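The values are calculated or read from the model by the stated rules, or taken from the named source; none is laboratory data. As the structure is a prediction and not an experimental result, all values here were calculated from the model. We place every Cβ from the backbone using ideal geometry, glycine too, and count neighbours over all the protein chains shown.
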Amino acid sequence: MGRPATGTNPSLGPVSTPQAPQVQTRRGTELAMLGFAAGLVTLALAISDANQEQELTRQILYYGAAFMALFGLAHLAVRKWAPYADPLILPCVALINGLGLVMINRLDPAVIQRAKDLQRFVPSESAPKQVVWTAAGLVLFAVVMWLVKDHRMLAKYGYTAGLVGLVALALPGLLPSSLSEVNGAKIWLRLPGMSIQPGEFAKILLLIFFAAFLVSKRDLFMAAGRKFAGMELPRARDLAPLLVAWALSVGVLVLEKDLGTSLLFFGIVLVMLYIATERVAWLVIGLSFFIGGCLVAYQLFGHVQTRVQTWLDPFADYFGKGNQISQSLFSLGTGGLGGTGIGAGRPELVTFSQSDFIIAAIGEEFGFIGLAALLILYLLLVMRGLRSALAVRDTFGKLLAGGLAFAVCWQVFIVVGGVTKLIPLTGLTAPFLSHGGSSLIANYAAIALLLRISDAARRPAPLAPKGPKPQQAPIAEASTVLVERPT
């Protein structure tokens, strides 16, 4: 560290000129961890090929080089546009993404061979598509980092984001099944040559809307009504936003036959309400509404009954609706504690093992230990996101970062809970892990926003004007905005 510059004042003598507090960017740490992730992924690809093909192919080098190049460019984008961002977030995402690529590449030949044996449609290889989608996601990641110079500017477009998000969420349910339905769920837009899930992008837009809305209308949600069982209930006229979220969630469940998106959307709304108000009453009321809506939907709609009955007893229709969850449980049981080894199991017996059930495939070949390590990676990612939410000084940034971090956590819970039969099976995919373009691309946009907020949290505060005022502390060390409880 250099010495502070000094000057001379005729009346006060030598005066020190304040310098900006030095905060390490930790970009070197990020680069080292990205290199470790790339090496681990390349090693896992080599082990998979050795177990399956009994030889090492050039494809390993291609995938390993592509992985290193893509995340090297992503690192440069962070270094240029968000130099103070958290150094652990991008490496965690890269390693999860890489492990997903390893498993998808390992499953490709097995899935193709099984389709030939059963004389079904033979799919093309999924691993090359996953690399392309990863590249597309990282391009969007860099674009978001470049365009969003300050996350607070998004608050100005909160209502626009909300409108676009609602349209994107509802559109598949309103279109004919020929344009929106895949595997029983109407959550797609089937375009010539491609299909996308608009709900994945709607999730981010609605997060921006709710963060902006809660900041501007926070007093409305803090007003207390009557007390019941020790809780201060909100006033009846203040429940309108929660009722709208409830109606949308139940509508998605009924029209689009998608329990996963319904759970994800309503859970995010409830948690953001709790973060903004710190009132348990919102959680209790929201959960009561959602459970009541699900019970009514169960009585009125056959596909909801089928989903619940399959969850309660999948072996009752083993060769039909219960086959997926039954095979998933067998797969996890086969893996045991240490797993069968990469390329030494039979995870292809589970339908959609590369997308919806990739958690079961990892549980079989990596075992409980490997699956637990993967969940710890997700946990670390979520914790660093929540840490950024705590450190950033503006309320909008706190709510947005908290919502983005919780969305990853909640989605992982829904996916793992469905695969392990803890909750009814859903159609969601594991973030950054599963095969799929819409989910991967949208989640990289979310990570870009999280890094932008993290950069604002760790960036040194501007210097105070000349005078006797003390030097300001870095933003990460400053006091956070406190939410006052109602009196």
Within the range 280-330, residues closer than 25 Å to F265 by Cβ, modelled with pLDDT of 85 or more and in a loop (DSSP other than H, G, I, E, B) come out as K321
Quiz item: Hey, does the range 345-356 have a residue that's within 26 Å of the chain's Cα centre (by Cα), more than 24 Å from Y444 (Cα to Cα), assigned to a helix (DSSP H, G or I) and of a type in the set (A, V, I, L, M)?
Solution: no
Within the range 155-199, restricting to residues that are touching a residue at least 40 places away in the same chain (Cβ under 8 Å), of a type in the set (A, V, I, L, M, F, W, C) and buried (at least 17 other Cβ atoms within 10 Å of the Cβ), the one that is nearest to A442 (Cα to Cα) is I196
The one condition I342 fails out of (1) part of a helix (DSSP H, G or I); (2) of a type outside the set (G, A, S); (3) surrounded by 14 or more Cβ atoms within 10 Å (Cβ to Cβ) is (1)
Quick check, is V284 in contact with a helix residue (DSSP H, G or I) (Cβ under 8 Å, 6 or more places away or on another chain) and either without any contact (Cβ under 8 Å) to a residue 40 or more places away in the chain or closer than 26 Å to V408 by Cα (or both)?
no
Checking L379, L390, L399 in turn, the sole residue that is surrounded by fewer than 24 Cβ atoms within 10 Å (Cβ to Cβ) and within 23 Å of S439 (Cα to Cα) turns out to be L379
Scanning the range 418-440 for residues that are surrounded by fewer than 21 Cβ atoms within 10 Å (Cβ to Cβ), on the phi < 0 side of the Ramachandran plot and either modelled with pLDDT of 95 or more or not small (G, A, S) (or both) gives T420, L422, I423, P424
Among V144, V102, the single one that is closer than 30 Å to I453 by Cα, buried (at least 18 other Cβ atoms within 10 Å of the Cβ), in contact (Cβ under 8 Å) with a residue 24 or more places away in the chain and of a type in the set (V, I, T) is V144
Expected single match for touching a residue at least 40 places away in the same chain (Cβ under 8 Å) and either among the β-branched types (V, I, T) or out of contact with any His (no Cβ under 8 Å at 6 or more places or on another chain) (or both) among F301, F315, F330, F266 is F301
Output for Cβ contacts, cut-off 7 Å, separation at least six or different chains, first residue closer than 23 Å to L31 by Cβ in the range 46-67, second part of a helix (DSSP H, G or I) and among the charged types (D, E, K, R), reads I60/D49
Of the conditions (1) assigned to a helix (DSSP H, G or I); (2) more than 20 Å from L440 (Cβ to Cβ); (3) hydrophobic (A, V, I, L, M, F, W, C); (4) in contact (Cβ under 8 Å) with a residue 12 or more places away in the chain, the single one that C92 does not satisfy is (2)
By residue number, the members of the range 178-227 that are modelled with pLDDT of 80 or more, among the basic types (K, R) and within 23 Å of the chain's Cα centre (by Cα) are K203
Per the filter on the range 28-54, residues of a type in the set (A, V, I, L, M, F, W, C) and closer than 20 Å to I104 by Cα are A37, A38, L40, V41, L43, A44, L45, A46, I47, A50
